[in-house]
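The values are calculated or read from the model by the stated rules, or taken from the named source; none is laboratory data. Because the structure is a prediction, the values reported are computed rather than measured. Every residue, glycine among them, receives a Cβ derived from its backbone with ideal geometry; neighbour counts consider all protein chains shown.
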Amino acid sequence: MDGEPGGPDPSLHQLRLLLVLAEELHFGRAARRLYISQPAFSRQIRRLEEQVGVVLLERSTRRVQLTAAGEALLPRIRALVGAADELREAVRTQARAVAGRVVLGCYITALPVITALAERLRGHHPDLEVVLREVDFVEQTAALLDGRVDAVLAYAPMPPGIQTLPLATEGQVVCLREGHPLAGRASVTLAELAGLPVIGSSPGVARVWRDFWAVDPRPDGTPVTYTGHGATTFEAGISAVVQGHGIRFVSASCRELFPRPGIRYVDVPDAPVCTAVLAWSSARRDTPEVAALRRVVGGMVGTGGSDPNPRWWHTGHTESKGD
């Protein structure tokens, strides 16, 4: 094949095909790798050679190999495709730029993770105003569904209509009043806690959330007895425990995050593990604000992490699986 190129500039698609073929040196394997038919693959490579006016490959019934011209052009082709990929990513990043206002809820906004997340969000989206809002256990779902907040950092499970991104998993502990016969133990079982009332929650708290955090029913099917309290916050529940009214299940990280006089946190190895999540309304999943939060949180922690005492809640970061 001699002479000047016989058509328009080659497409990036054709150049990508050539790069794969240069790795496989086999039309069938290259075509299968890219999920296209071998005849279509071969036609694209032929067309590429016609367009550049140079024979790039030597073909035989046994093998395929690059010609000297193909070998010489390969680094430039690879660089061109790489530059195109970088440009595409730059365009995507620019398209993801968000301006406006995002409201992020949490039951305690002073948590280190909240500060770290807000700083990271501002770093990625300097034109985005980040507003932190404390929400109680009723508002953490109600405020999502009515749009008062864009997302919350909370613990699963969440009721229908709310989607979540898992951040970290950990065990549960039980809060016992200091002086309780079980308070000095390193761990207790659910069977040993049977019959002890759980501090009651407000009727506005999502039932699925309340049941999980009371381990109701217990593994043997026994329903839980609740006190008459209508707690909506962490502090209200802990205060009732200190006064000796009942017990409360919380995440293991509370032992370090919220030490309180008058209570003891005791491990409950047979209680279900709990999962910290970023949560948002299903109806608002793809809004710019929620999409920005999901990307930033995913970059901070990845997903599906498991740690009995996750550092993420303390420091605001862990090893990332990608940014």
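List the number of the failed condition for A156; all other conditions in (1) in contact with a strand residue (DSSP E or B) (Cβ under 8 Å, 6 or more places away or on another chain); (2) within 20 Å of A240 (Cα to Cα); (3) of a type in the set (A, V, I, L, M, F, W, C) hold.
In the conditions (1) in contact with a strand residue (DSSP E or B) (Cβ under 8 Å, 6 or more places away or on another chain); (2) within 20 Å of A240 (Cα to Cα); (3) of a type in the set (A, V, I, L, M, F, W, C), A156 misses (2) alone.
Residues of the range 48-63 being at pLDDT 90 or above, of a type outside the set (D, E) and out of contact with any Pro (no Cβ under 8 Å at 6 or more places or on another chain), which ones?
V54, V55, L56, L57
Residue by residue through the range 205-223, note down the ones that are buried (at least 18 other Cβ atoms within 10 Å of the Cβ) and assigned to a loop (DSSP other than H, G, I, E, B).
Passing the criteria: V205, A206, W213, A214, V215.
For the list (1) surrounded by fewer than 19 Cβ atoms within 10 Å (Cβ to Cβ); (2) charged (D, E, K, R); (3) under 27 Å from L144 (Cα atoms); (4) touching a residue at least 12 places away in the same chain (Cβ under 8 Å), I need the number of the one condition that E256 fails.
(3)
Provide a single number: the residues in the range 214-235 that are under 27 Å from E134 (Cα atoms) and touching a residue at least 24 places away in the same chain (Cβ under 8 Å).
Residues that pass the stated criteria total 11.
Looking at this structure, is A206 in contact (Cβ under 8 Å) with a residue 24 or more places away in the chain, over 21 Å from the mean Cα position of the chain (by Cα) and closer than 30 Å to A283 by Cα?
When the stated conditions are applied, A206 passes them.
So that you can scan it fast, the table gives a plain yes or no per residue for (1) surrounded by fewer than 18 Cβ atoms within 10 Å (Cβ to Cβ); (2) over 26 Å from R88 (Cα atoms); (3) not assigned by TED's automatic domain parsing to the domain that holds R88:
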| position | (1), (2), (3) |
| --- | --- |
| L18 | no, no, no |
| A22 | no, no, no |
| A30 | no, no, no |
| A40 | yes, no, no |
| T67 | yes, yes, no |
| L74 | yes, no, no |
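Inspect all residues belonging to the range 142-152 and state whether any of them is free of Cβ contacts under 8 Å to residues at least 24 places away in the same chain, on the phi > 0 side of the Ramachandran plot and small (G, A, S).
no
Conditions tested, residue by residue: (1) at pLDDT 95 or above; (2) over 24 Å from H125 (Cβ atoms); (3) in contact with a Cys (Cβ under 9 Å, 6 or more places away or on another chain).
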residue: T225; (1), (2), (3): yes, yes, no
residue: F234; (1), (2), (3): no, yes, yes
residue: I247; (1), (2), (3): yes, yes, yes
residue: P259; (1), (2), (3): no, yes, no
residue: P272; (1), (2), (3): yes, yes, no
residue: V277; (1), (2), (3): no, no, no
residue: T287; (1), (2), (3): no, no, no
residue: M300; (1), (2), (3): no, no, no
residue: T303; (1), (2), (3): no, no, no
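Taking the range 37-88 only, how many residues are in a loop (DSSP other than H, G, I, E, B), more than 18 Å from E24 (Cα to Cα) and of a type in the set (K, R)?
So the count comes out to 0.
Please specify each residue of the range 142-168 satisfying the condition of being in a strand (DSSP E or B) and surrounded by fewer than 21 Cβ atoms within 10 Å (Cβ to Cβ).
Q163, T164, L165, P166
Scan the range 24-38 and report the pairs whose first residue is without any contact (Cβ under 8 Å) to a residue 12 or more places away in the chain and whose second residue is in a loop (DSSP other than H, G, I, E, B) and polar (S, T, N, Q), with Cβ atoms within less than 8 Å and a gap of 6+ or a chain change.
A31/S37
Please enumerate the residues belonging to the range 96-135 that are buried (at least 19 other Cβ atoms within 10 Å of the Cβ), out of contact with any strand residue (DSSP E or B) (no Cβ under 8 Å at 6 or more places or on another chain) and either under 22 Å from W213 (Cβ atoms) or not assigned by TED's automatic domain parsing to the domain that holds V296 (or both).
Those that are buried (at least 19 other Cβ atoms within 10 Å of the Cβ), out of contact with any strand residue (DSSP E or B) (no Cβ under 8 Å at 6 or more places or on another chain) and either under 22 Å from W213 (Cβ atoms) or not assigned by TED's automatic domain parsing to the domain that holds V296 (or both): none in the range 96-135.
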